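The values are calculated or read from the model by the stated rules, or taken from the named source; none is laboratory data. Everything numeric here is computed off the predicted structure, so don't read it as measured data. Note: accessible area is taken over every heavy atom of the protein model, side chains too, but ligands, DNA and RNA are not part of it. Shrake-Rupley method; radii C 1.70, N 1.55, O 1.52, S 1.80 Å.
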Amino acid sequence: MLDASQYPVDNGIKWRAMPADFPTWDRVYAFWRRWRDRGLVREFHDRLRRRVRESEGRGSGCPRRRW
């Protein structure tokens, strides 16, 4: 579901244009919306950014982004 929720962003498509090998667009969007409302989208972003910064030797100490 995480891959499916990132597909529209990565490929610049609308939710309704999801490929058939993912769950239906409305199900994927419902998951994404729930994750967003509970702050999980931000949490995923922050964790990924932290891992990338640490792998590049820059440390994870950058200020938290406010959206």
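Mind checking the angle between helix 25-37 and the chain's longest principal axis? C-alpha axes, 0 to 90 degrees, to the nearest 10.
The angle comes out at about 30 degrees.
If only Cα atoms are counted, what is the Rg of segment 17-59, and what is its Dmax, in Å?
When restricted to Cα atoms, segment 17-59 yields Rg and Dmax of 14.5, 40 Å.
Heavy atoms only, 1.4 Å probe, whole protein assembly: order D10, D46 by accessible area, highest first.
D10, D46
Does anyone have the angle between helix 40-55 and the longest principal axis of the chain? Alpha-carbon axes, 0 to 90°, nearest 10?
Taking Cα atoms only, the helix is inclined about 50 degrees.
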